[in-house]
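Data block below; observations after.
The values are calculated or read from the model by the stated rules, or taken from the named source; none is laboratory data. Keep in mind the model is a prediction, meaning the values are calculated, not measured. The accessibility values were calculated without ligands, DNA or RNA, using every heavy atom of the protein model including side chains. Shrake-Rupley method; radii C 1.70, N 1.55, O 1.52, S 1.80 Å.
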Amino acid sequence: MLGFTRAVRAAGVAVTHDRAAGFLAATAEVGLGDRRATFVAGQATLCSSPDDLTRYAQVFEAWFSSRDGLPREQPAPPSTPAPTDLAADERDADGQGEDAEDADLLAATASQAEILRHRDVAAMTPAEKARLAAMFATLRPRPPLRRTVRHEPWRRGRVDAARTLRASMRRLGEPARIEWRHRRTRPRRVVLLVDVSGSMSGYADALLRLAHTITQGTTRSGGARGGRARGGRVETFTVGTRLTHVTRALASRDVERALAAAGDVVPDWSGGTRLGETLRVFVDRWGRRGLARGAVVVVFSDGWERGDASLLGEQVRRLRAVAHRVVWVNPHRGKDGYEAVQAGIVAVLPHVDDFVAGHSLATFEELMGVVEGRSRA
């Protein structure tokens, strides 16, 4: 039954661990001998949208039907013994036949997942995008950290003279163990600016899913040094012909609900591109208020600017003056033959700290390290 849930997930249905556990519990209640009840139990626990129902029905028919040599047969009730093959029974008795089949299935699944990790998001089919959406759960974002002026006890670092002296006084002046301290760390704010213009329409959905993953993962992360640092704060905006604050829309734990909420508040999907003007609005309204001050600002855009490219470069320069780091993510950066010749990219490159690719799940994973500070592009 767990193999069936993996097959449903491979077909594009977002089957989580909780949904798989709910399916097992439901089938345990209704019994595997009732085909209709098993089908309905899977619909109720594994499917989350109308699009999932068709995929689920196809996988259920293929998995439990014995016609055309399909991979699995419907489980037979205990009172009705199924015909057996002696050679197959002998192989299953020592587990070799089942182990070989499982090994081949796992190898094929792993190979397909690895290929999908490096595929260009804009070139994927709807079924591949559905599988990719489930693979976003493999990303593990962590907030970038900054040192504060406050200190805390630690195993090494600088000598904490005050605590060492107090310990000696408690021992009536006798030498005591030397106490150490180090500066505390706190998460830095992360600001995401996602271009949703027409030239970025093929990547907008994946980038907003990535923003949701960073929002949920970073805010729950414990940070470094034994989990003392609390989760960081992530702010997300969309840019195109206007600037839209979508942080509240992406706050939902359910990614599909979060994306639907973001779609309701963003009025300029697949529109024009006025990056210079929208970035000026962001710097004037949010940068001076401190939202971008000391933060890691990540801009997702291909740099196609319909307006004045010099205005875009000037606004990125102003943004860099208040931010800790500015990371520019271009979905065409990692493709063969790409050259940074667009006027917008040429204008912003002198003012960004990192210029990285962002067209596949593998590049998204590398971006996590750049944002956290583990690697630099």
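Miscellaneous remarks
- Compactness of region 135-219, taken as the C-alpha radius of gyration over 2.2 N^0.38 Å, stands at 1.93.
- Backbone geometry of region 320-331 corresponds, through the Karplus equation with coefficients 6.51, -1.76 and 1.60 at θ = phi - 60°, to 3J(HN,Hα) couplings of 5, 5, 10, 8, 6, 8, 10, 10, 9, 10, 10, x Hz, x marking Gly and Pro.
- Accessible surface, region 230-377, averaged per residue in Å² (probe 1.4 Å): 46
- Carbon plus sulfur fraction of accessible area for region 1-55, probe 1.4 Å, in percent: 57
- Quotient of C-alpha Rg and 2.2 N^0.38 Å, computed over region 318-364: 1.21
- Cα gyration tensor, region 227-377 - rounded (a/c under 1.5), prolate or oblate: rounded
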